[in-house]
Structure formats: C-alpha cells, structure tokens
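Peer 1: Have a look at the structure that comes next, please.
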Amino acid sequence: MTIPVDSGGAADVLARHDVVTVLCHVRPDADALGSSAGLARALRGSGATVHHSFDPGVVPDALRVIPGAGQVVPLSEVPAHDGLVVTLDCASPDRVGDWGRLAAAASEILVVDHHGSNPGFGSHILLDPQAASTSSLVLDVLQAGGYDVDPDVATSLYAGLVTDTGSFRWGGAGAHDTASRLLASGAETARLGYALLDAHPFSWLSVLGSLLGSARLEEDAVGGRGIVWLAVPHHVIATVAEGEVESLVSHLRGVREACVAVLLKEYRPQEWSVSLRSRDGGPGRGVVDVSAAATALGGGGHPAAAGCTVHGDLDSVTARVRDLLV
C-alpha cells in the first residue's frame, strides 16, 4: 500500500533513515537532476550517507552546471541496502529505470513528483500536480524538516524550477514564491540560466537549421488546433549532445499555427522518445491534453507537457501518436 504524505510527512520519512539512495528518472532534465542533487546535498549536510544516481548515471554535459552533478554515480555502483530509496520526478516506476534490486532491498520508498499521470507507487508518495516543479516540492520538504538550504542546494533546486516553468512563463504565483525563497537562500541564477537555457556549441547551428527545415505542419489536425512535427533520426542523435536535441521542442512550441508540438527522437534504432507539448490557442483552440496520449502509449506527464517511448518505424509511430491526440 502506498501512503500519501504532505511535505511534513515526507520530511518525517527522510528523518527515519541514515542511509538514503536518491534517484531521478532516466535521461534526466534539469528538474529531475536539480531536485535530486539538492536533496542529496541537504541530506549529506544532516549526516546521512547518500547515494545519488539515475539509470545509467552519465550526466549530460548541459546539466553539469547544476551543483552536485559531479557526485552522481552509475546506478550499477549503488549498493542495495535496507534504508530509504527516494525517487524524484518519476511519473511511473519504469521511469526510474533498472532499479529493481534497490527497491527490493529498501525498507521504505519515498516518491516525490508533480506529474498528474503518476499512478502512485512506493511506500509513501508526495504527489502534487499543481506544483510548478519537483524541485519546488523538495524545497517544501527540506524546509518542513529543518534541513539547511545552502546556496548550492538552492541553486540546484532553482535549476529545476526555472526550466520546468519555461523561465516563469507558467507555474503561477507558487513558482515565484519558490523562486523568492531560493534566491533568499543564495541561489546563483545568471551563469546557471545561461548554461541551461541559452548555451549551444557553434556546430549545433548548422544541424539546427537542417532539422528545423524538416519540420512538418498539419494545420487542420486536432480539430483545427494544428500539430507541428519534427523527427530526429538516430544517425543525427548519435552525433550531437542530448541537451541540444531536447532543446528543439522549444522551437516547435513557438509555431503560431500549431497548438500541439511533437518531437520524436530516435535514441536507438526503431525506439522513439516522444516529447509532446500543448498550448492554449484561444477560443475554440484550447489546450489538448497531451498526457492522455502519452499515458496510452505507456508514458505520462502533464496536460500541457508529456512524453513516452514508442517502438517502430517513423511512419507507424507518427500514426499511433496522431490517432491519440484529440
């Protein structure tokens, strides 16, 4: 049975353990890595032994600016123990990767997440779909438990907040309140923001131009709300950094004629990681719940931002995704 907890309850779970494994999801984004790095550092500061990892444990270059990223160890090197495992920003158990031996050995598993599609797993879960980021929830837990939020912890959590809110274009008043608390704790923002949101190698520009030139627009799709599609084949992904590929979705979101953006990334041959985004296009062109499509394909996420992994050739994968976007 999974027990729902609030931030205070989650802090109580943390306080029961001297040995903790902190995990985030495979192919982590800044919220996953930032929330886990911030939590790991705060727990170490309280005297706990902490193993910080994800599957497989190789930090993308674009995320190395996040404080604590250098202390991530490969998942294969994390020892199984009877203490606590914490999963962060994982909308379902499979998003944690190959963690079965760690889950089996742990006496408790605490899940901290803000994806509404999360079915609930672990022994305890702090789930708030209204939270702007998982990093926001981690800050609430740390403050509820009286943990020290030093400048490095604050910067790690700010990384998750600023990226998951699109530089505060969404997230509401709660996101700004969280930002205020992190800034008061000494979060560094200028260098972090440049590295996470703006920086790209010069060589990426020619690849970017070629890829964007291959984008397709279906203006009449999803009841006239429109879909813009972009596929990144495996031979391209094999030559560029993962962070550059993931940044493509922001370009698709800016297409005026489409309320839905679909980025298909062939990380392995015939295995497509699908990123889905939706926006409110105004009267008669409201938000398409892309999390419903992602969940049907074994993934999950939020109504306006979701993802999944689909196997097959590009045409069949595209058809399956299109059929589920309504």
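The values are calculated or read from the model by the stated rules, or taken from the named source; none is laboratory data. Just so it is clear, the model here is predicted, and its values are computed rather than measured. No Cβ is skipped: glycine too gets one built from the backbone with ideal geometry, and neighbour counts run over all protein chains shown. Keep in mind that these areas ignore ligands, DNA and RNA; they rest on the heavy atoms of the full protein, side chains included. Shrake-Rupley method; radii C 1.70, N 1.55, O 1.52, S 1.80 Å.
Peer 1: Give me the residue from region 166-208 that is among the aromatic types (Phe, Trp, Tyr) and modelled with pLDDT of 95 or more and, out of that set, nearest to residue 305 (Cα to Cα). Explain how you work it out, then say what you get.
Peer 2: The first filter runs over region 166-208 and keeps only residues among the aromatic types (Phe, Trp, Tyr), leaving 168, 170, 194, 202, 204.
Filter again for modelled with pLDDT of 95 or more, leaving 168, 194, 202, 204.
Details: 168: 15, 194: 23, 202: 28, 204: 25 Å.
Of everything passing the filter in region 166-208, 168 is nearest to residue 305 (Cα to Cα).
Peer 1: Can you spot a residue in region 190-201 that is open to solvent by less than 20 Å² (accessible area, probe 1.4 Å) and either under 20 Å from residue 126 (Cβ atoms) or not in a helix (DSSP H, G or I) (or both)?
Peer 2: no
Peer 1: Here's something else I'd like to know. Somewhere in region 77-88, is a residue open to solvent by 30 Å² or more (accessible area, probe 1.4 Å) and under 16 Å from residue 35 (Cβ atoms)?
Peer 2: no
Peer 1: Go through region 92-132 residue by residue and tally those that are in contact with a Ser or Thr (Cβ under 9 Å, 6 or more places away or on another chain), touching a residue at least 24 places away in the same chain (Cβ under 8 Å), open to solvent by 10 Å² or more (accessible area, probe 1.4 Å) and within 24 Å of residue 177 (Cβ to Cβ).
Peer 2: Number satisfying all stated conditions: 8.
Peer 1: Conditions: (1) open to solvent by 10 Å² or more (accessible area, probe 1.4 Å); (2) outside any strand (DSSP E or B). Residue 135 meets all but one. Number of the miss?
Peer 2: Looking at each condition in turn, residue 135 falls short on (1).
Peer 1: Right, another one. Name the pairs: first residue in region 9-28 and more than 14 Å from residue 141 (Cα to Cα) and open to solvent by 50 Å² or more (accessible area, probe 1.4 Å), second residue part of a helix (DSSP H, G or I) and modelled with pLDDT under 95, Cβ to Cβ under 8 Å, at least 6 apart or on different chains?
Peer 2: Here the result reads 27/242, each pair linking region 9-28 to a residue that is part of a helix (DSSP H, G or I) and modelled with pLDDT under 95.
Peer 1: Right, next: From the set of residues in region 29-58 that are under 19 Å from residue 141 (Cβ atoms), charged (D, E, K, R) and in contact (Cβ under 8 Å) with a residue 12 or more places away in the chain, which is surrounded by the fewest Cβ atoms within 10 Å (Cβ to Cβ)?
Peer 2: 41
Peer 1: Any idea how many residues of region 225-269 are touching a Ser or Thr at 6+ places or on another chain (Cβ under 8 Å), of a type outside the set (A, V, I, L, M), open to solvent by 10 Å² or more (accessible area, probe 1.4 Å) and not in a strand (DSSP E or B)?
Peer 2: Here the count works out to 1.
For every residue, the table says whether it meets (1) in contact with an Asp or Glu (Cβ under 9 Å, 6 or more places away or on another chain); (2) farther than 14 Å from residue 28 by Cα; (3) among the hydrophobic types (A, V, I, L, M, F, W, C).
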| site | (1), (2), (3) |
| --- | --- |
| 49 | yes, yes, no |
| 52 | no, no, no |
| 88 | yes, no, yes |
| 101 | no, yes, no |
| 107 | yes, yes, no |
| 112 | yes, yes, yes |
| 124 | yes, yes, no |
| 128 | yes, yes, no |
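Peer 1: Let me ask something else about it. Given 206, 156, which one is of a type in the set (Ser, Thr, Tyr), open to solvent by 60 Å² or more (accessible area, probe 1.4 Å) and assigned to a helix (DSSP H, G or I)? Full working, then the answer.
Peer 2: On the way: 156 fails: open to solvent by 60 Å² or more (accessible area, probe 1.4 Å).
Exactly one residue qualifies, and that residue is 206.
Peer 1: Anything in region 270-321 that is in a helix (DSSP H, G or I), open to solvent by 40 Å² or more (accessible area, probe 1.4 Å) and among the aliphatic types (A, V, I, L, M)? List them, or say none.
Peer 2: 292, 296, 314
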